[in-house]
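The values are calculated or read from the model by the stated rules, or taken from the named source; none is laboratory data. Bear in mind that the values here come from a model prediction, so they are computed numbers and not experimental data. Note: ideal-geometry Cβ built from the backbone for every residue, glycine included; neighbour counts use all protein chains shown.
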Amino acid sequence: MTEFFRVPTDQAPIRDQSRRWADFAEPRPFTAETLYGVEFGKGELANCLLDTCIRLDWEDLQCFEKVDCQFQRWGVTFSNAIALRPSNPAYPAYSGVMVLMGAPKSGCMEVTFLHPVRFVSGFVTASRRTVLTAFDRNNRAIVQTESSGANLANSDSHHSPNVRLSLNMPNIYRLTFNVFDGQLTLDDFCFGF
């Protein structure tokens, strides 16, 4: 039997757009509190020491470029993802101007890690509730979190765009982002070993 955990999520404040992440990959050990631009709730990741945390930067990708193996050297591949500069103001980027969108099949995106990770985080804007599920080596769901609902900018949504979804669980090999019958964008995706 597999234990399945649900992790609550909360809205992250807007990040100071004038500052940049110091490094693409942090080579030194650090606690979650030192991960600039990502704020954690009370008790969340309190005892998590990440040896390495990697934040992926979409800004060098070409608009409408299919994203799959571009970040393989950092230990991660994507399925059903394209890079784009949102022309629809309902889907703003969290930082910079580029986001990943679930496409060509709308409403889903998959992330696969070459080595297991224990922390993932990203900012999602979607037309419906987004479910983030992590899987182990045997493709069993081990942890899941979800947004409260649609969070498009300039809409009647009660939720702000770019909600942070994060998971903390050892042995994450694969992730799925699912928005059933909707669209989603992902920005400032990071993961830690």
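Annotations
- Of all residues in the range 153-174, those satisfying the criterion of being within 21 Å of LEU84 (Cα to Cα) and either acidic (Asp, Glu) or modelled with pLDDT of 95 or more (or both) are PRO161, ASN162, VAL163, ARG164, LEU165.
- Residues that are part of a loop (DSSP other than H, G, I, E, B) and within 25 Å of SER87 (Cα to Cα) occur in the range 107-117; there is at least one.
- Wholly enclosed strands (runs of 3 or more DSSP E) of the range 45-101 bearing at least 1 residues closer than 23 Å to GLN183 by Cα and at pLDDT 95 or above: 76-79, 81-84
- Any hit, the range 127-144, residues being in contact with a Pro (Cβ under 7 Å, 6 or more places away or on another chain) and among the polar types (S, T, N, Q): no
- The strands (runs of 3 or more DSSP E) falling completely within the range 127-193 that include 3 or more residues that are under 25 Å from ASP60 (Cβ atoms) map to 163-179, 184-192.
- Residue in the range 157-170 that is surrounded by fewer than 20 Cβ atoms within 10 Å (Cβ to Cβ) and without any contact (Cβ under 8 Å) to a residue 24 or more places away in the chain present: yes
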